[in-house]
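Before any comments, here is the structure.
The values are calculated or read from the model by the stated rules, or taken from the named source; none is laboratory data. As the structure is a computational prediction, the values presented were derived from the model and not from experiment. FYI the Cβ positions are ideal-geometry reconstructions off the backbone, even for glycines, and counts take in every protein chain you see. Ligands, DNA and RNA are excluded from the accessible area calculation, which covers all protein heavy atoms including side chains. Shrake-Rupley method; radii C 1.70, N 1.55, O 1.52, S 1.80 Å.
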Amino acid sequence: MATMMMMMKPIGFQFSDLKKLRNPYPNSPLIRRSHEPNHGLLQMSQDLDRSLVHEFNPSIPIQEALTPPSSWYTCASFLSLELNQVFFKGWQAVGCTHQIQEANSFFTGRLGNVEYVVCRDENGELRAFHNVCRHHASLLAYGSGKGSCFVCPYHGWTYGLDGRLLKATRITGIKNFNVKEFGLVPVRVAIWGPFILLNLERKGFDQQNCDDNVGMEWLGSTSEILSTNGVDTSLSYLRRREYTIECNWKVWFLNSISHLMVVIMSLSHIKILHQVLSSTPIPPPYAPYYLNLRLPYLHFVYGPWMDTNLVLPLGPRRCKVIFDYFLDASLKDDEAFVAKSLEDSEQVQMEDIMLCESVQRGLESPAYDNGRYAPMVEKAMHHFHSLLHQHLIK
């Protein structure tokens, strides 16, 4: 028996509209589009996003509050709002200085629909650009490595590590072409301690002076605490581990802070000065234990260790978590200690991945919409939701 499939085009609906509906990042500030959006569809989507945001009320005390609705964890348009209001604003950590210690080294990454490359030019100057060829939009670089230039794999346009267009192929007969206008699009980049930060907001800047006050802008008063305790200078980078997890980025984020109690809170950050459920005392001089939260980044400092968790959304139901491990320099060569510590960490991550993927499947169920907070141990979770709400309504 033959099966025939028919596609019928509804009256008044354009296939171009379908393409726009599928775009998960319609409001990205980083791409100039050649087609105007369908304002009716865009307004409907924005109205829906606003209504979802206001389904959580941060002014209700934690003892009486409901958690945000499950749609915060499953809706593609809500993720688009988060990207525009959280990830595309302010400084975001994207890597560590060890990744580009030498001249001509680079690494690439992706945040939402933003492809970027961070590099050091031949003079050792730190730079960052959108990782997109200005000819026909191919990605230029992949992964990490070293090289004196970026050569587009599509048609061979070549760029220096300072972003200048060095070679443009296939342009015989072209008119009104100014090579100086077709260099790579720069991104604000800075270094604080061992961290490399990007700022994706589109505004004029002096890339040579991005480090000024970046610690306060990124971490607020926590930067002073970290600096005072030597975190930005005394710890040695050890290694990186990456995990792709089938859950919304917030599910992982909240799991990471679920066993901690907030004792100091500031406008943009959570600082946690002790662990509630830890059975292992933290020896001096490393006490106290603390965590800093800067959406979407976590610092865990415990004993001689610090690990950072960068949580990147890959969609409403998937994320990538990047762990970078740092250790007191005096212990870096203790192979048995390092191996056992990383083994224990890996076991925790495997357990957490299973739990987070289970929670995501539950959030998809029609049986669940809102939950409740455990007031004595989930202050961090409530504060996180309130902080996110604050960012989303700006």
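Per-structure values
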| quantity | calculated |
| --- | --- |
| Qualifying residue in segment 208-217 (condition: at pLDDT 75 or above and assigned to a loop (DSSP other than H, G, I, E, B)) | yes |
| Strands (runs of 3 or more DSSP E) enclosed by segment 259-378 - at least 3 residues per element that are at pLDDT 90 or above | 305-315, 318-328 |
| Residue list for segment 149-204, filter: on the phi > 0 side of the Ramachandran plot and of a type in the set (Lys, Arg) | 170 |
| Any hit, segment 110-131, residues being touching a Leu at 6+ places or on another chain (Cβ under 7 Å), aromatic (Phe, Trp, Tyr) and in contact (Cβ under 8 Å) with a residue 40 or more places away in the chain | yes |
| Selected residue (criterion: surrounded by the most Cβ atoms within 10 Å (Cβ to Cβ)) from residues of segment 171-194 that are farther than 18 Å from residue 132 by Cα and of a type in the set (Phe, Trp, Tyr) | 192 |
| Elements of type strands (runs of 3 or more DSSP E) contained in segment 44-141, each with 3 or more residues being of a type outside the set (A, V, I, L, M) and modelled with pLDDT under 95 | 91-96 |
| The lone exception for residue 128 - which of (1) farther than 28 Å from residue 320 by Cα; (2) in contact with a Cys (Cβ under 9 Å, 6 or more places away or on another chain) it fails | (1) |
| Any pair with Cβ under 8 angstrom, 6 or more apart, that starts in segment 344-361 at a residue that is assigned by the TED database to the domain that holds residue 317 and ends at one that is assigned to a helix (DSSP H, G or I) and among the hydrophobic types (A, V, I, L, M, F, W, C) | 352/252; 356/251; 356/252; 359/251; 360/251 |
| Condition check for residue 102: touching a strand residue (DSSP E or B) at 6+ places or on another chain (Cβ under 8 Å) and surrounded by fewer than 18 Cβ atoms within 10 Å (Cβ to Cβ) | yes |
| Of all residues making up segment 353-370, the number that are under 25 Å from residue 321 (Cα atoms) and in contact with a helix residue (DSSP H, G or I) (Cβ under 9 Å, 6 or more places away or on another chain) | 10 |
| Filter result (open to solvent by 80 Å² or more (accessible area, probe 1.4 Å) and either within 22 Å of residue 99 (Cβ to Cβ) or touching a strand residue (DSSP E or B) at 6+ places or on another chain (Cβ under 7 Å) (or both)) within segment 319-332 | 332 |
